[in-house]
């Protein structure tokens, strides 16, 4: 069974890994998200593209409630984020409960955001030890496995400031994976990197997708999207403008706005492909 | 006439040394009280909720806007008029501690604000609660910014405790004055007292230096720690940061 067959099989019985329904978000007078609905199957990789300011990063942040949606809801593996049902009413969860739910997601940021006072190894172990109450030894063993996976075993005692951007981002991916998330969110993970470091990060992401991880990736890396994505989505003006399989989305988009956007992006970013 | 004999005699005088010990103990106790009050006030002041940030702002405004000497006298001499009585030590701890807390609140707040917003996002994204984020991620990073001014306020505090002599706290200055009233060696005894203060602030200076080095260890030059970070890597990070700034 190929991966896409597996995804189809998983969704046939309504078993979505991630459901976002009619998400709205305002920042003061700005209506940033105007009702975004998205359903993602287990193991599916969705690439989100779109002009900056179009709402794609905000959408990603509403999924793990770093931003609370003003309207709409998010479910992960059938579990409602941020609310629970009590006496026929939806009741907001406490900060502690929401924090637990956030661990359904691993998130990777454009600016890496490694904890600057901790070493690479500590960056990966701090949340499992402090938030998940995993034993220290166990957490370290797992962290070393993840460091090896992203190819940075020899950097475990380095502080973020001593690492290159590409190395920091790979550590950040390992940090997110340490919580064994159900879904990985990537918010422009290569946009702050020098060109020569982009592929080392994309390689790790590609490996993850091959391993069956469910991923939502906001990126301008069209090459990565073509290679790894099951679906491409264009978000602009706070709505989904177009979505479809990457083969048709990138070569034969149906919407003018998609075509305009892709022309601009392809002019600047040639496809940067990791060696598979 | 300067009396060397008297000077050397009082240099290791038990009565004065005990006074210096009280000064040191009082300073440390007030620092501890100040750190607790200051951290609470700083966190309250940064809260978006008015019922938290308004009282904190009022406390800081009141304490920083009035002389600590006046505060001490109000607490020790004024409050009994309302039936609220504190003994000398309680008054000192209350007055100097609360005053220290107000200054530390602003220092701690500046430190927390200096921590990049992305650190909060990252901590939240790995499932830390707000309290854990503050304790495990933000405050330790804020320490790098907090320690230098905190060290300076403790240096001041060591000397400010001399004001407690006014409400008859038996610290270094009070004991110096008492001794002078019976011995009349004004200059000699005061110079000894000044030397004691100098020794305490100097030792604190060394400790402060060590603390600053400790809390900025993740920012010290890579070579100093023997960790290999090429100049190339550094340049790359700078480039990334610059391109981010330019956006």
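Kindly indicate whether any position in segment B:16-24 is modelled with pLDDT under 95 and over 30 Å from residue B:147 (Cβ atoms). Yes: segment B:16-24 contains one or more residues that are modelled with pLDDT under 95 and over 30 Å from residue B:147 (Cβ atoms). Within segment B:202-218, the set of residues being buried (at least 16 other Cβ atoms within 10 Å of the Cβ) and either free of Cβ contacts under 8 Å to residues at least 60 places away in the same chain or touching a strand residue (DSSP E or B) at 6+ places or on another chain (Cβ under 6 Å) (or both) comprises B:204, B:218. Taking the stated definitions as given, is residue B:99 surrounded by fewer than 21 Cβ atoms within 10 Å (Cβ to Cβ), within 20 Å of residue B:30 (Cβ to Cβ) and either over 14 Å from the mean Cα position of the chain (by Cα) or more than 9 Å from chain A (Cβ to nearest Cβ) (or both)? Taking the combined requirement at face value, the residue does not satisfy it. Scan segment B:80-93 residue by residue and report those that are free of Cβ contacts under 8 Å to residues at least 24 places away in the same chain and crowded, with 16+ Cβ neighbours inside 10 Å. Correct list: B:86 only.
The set of residues in segment A:182-201 that are in contact (Cβ under 8 Å) with a residue 60 or more places away in the chain, at the interface with another protein chain (Cβ under 9 Å from one of its Cβ atoms) and part of a loop (DSSP other than H, G, I, E, B) contains only A:192. A single member of A:179, A:118, A:132, A:163 is at the interface with chain B (Cβ under 8 Å from one of its Cβ atoms) and in contact (Cβ under 8 Å) with a residue 60 or more places away in the chain, and it is A:179. One residue stands out in segment B:14-31 among those that are loosely packed, with under 15 Cβ neighbours inside 10 Å and in contact (Cβ under 8 Å) with a residue 12 or more places away in the chain: the one that is nearest to the chain's Cα centre (by Cα), namely B:18. When segment A:141-152 is filtered for residues that are touching a helix residue (DSSP H, G or I) at 6+ places or on another chain (Cβ under 6 Å) and either farther than 20 Å from residue A:180 by Cβ or away from every other protein chain (no Cβ under 14 Å) (or both), the ones remaining, listed by number, are A:147, A:150. Could you please let me know if residue A:44 is under 21 Å from residue A:181 (Cβ atoms), more than 14 Å from every other protein chain (Cβ to nearest Cβ) and in contact (Cβ under 8 Å) with a residue 40 or more places away in the chain? Criteria met by residue A:44. Under the condition of being assigned to a strand (DSSP E or B) and either in contact with a helix residue (DSSP H, G or I) (Cβ under 9 Å, 6 or more places away or on another chain) or farther than 19 Å from residue A:22 by Cα (or both), the residues counted in segment A:62-79 number 4. The condition of being in a helix (DSSP H, G or I) and under 18 Å from residue B:219 (Cβ atoms) holds for only one of B:105, B:142, that being B:142.
Output yes when any residue across segment A:251-269 is in contact (Cβ under 8 Å) with a residue 24 or more places away in the chain and either in a loop (DSSP other than H, G, I, E, B) or surrounded by 24 or more Cβ atoms within 10 Å (Cβ to Cβ) (or both), and no when none is. Yes, some residue in segment A:251-269 is in contact (Cβ under 8 Å) with a residue 24 or more places away in the chain and either in a loop (DSSP other than H, G, I, E, B) or surrounded by 24 or more Cβ atoms within 10 Å (Cβ to Cβ) (or both). Annotation: of all residues in segment A:80-112 being out of contact with any strand residue (DSSP E or B) (no Cβ under 9 Å at 6 or more places or on another chain), surrounded by fewer than 24 Cβ atoms within 10 Å (Cβ to Cβ) and in contact (Cβ under 8 Å) with a residue 40 or more places away in the chain, the one that is farthest from residue A:143 (Cα to Cα) is A:111.
The values are calculated or read from the model by the stated rules, or taken from the named source; none is laboratory data. Just so it is clear, the structure is predicted and the values come from calculations on it, not from any experiment. Here the Cβ is made from the backbone with ideal geometry for all residues, glycine too, and neighbour counts use every protein chain on show.
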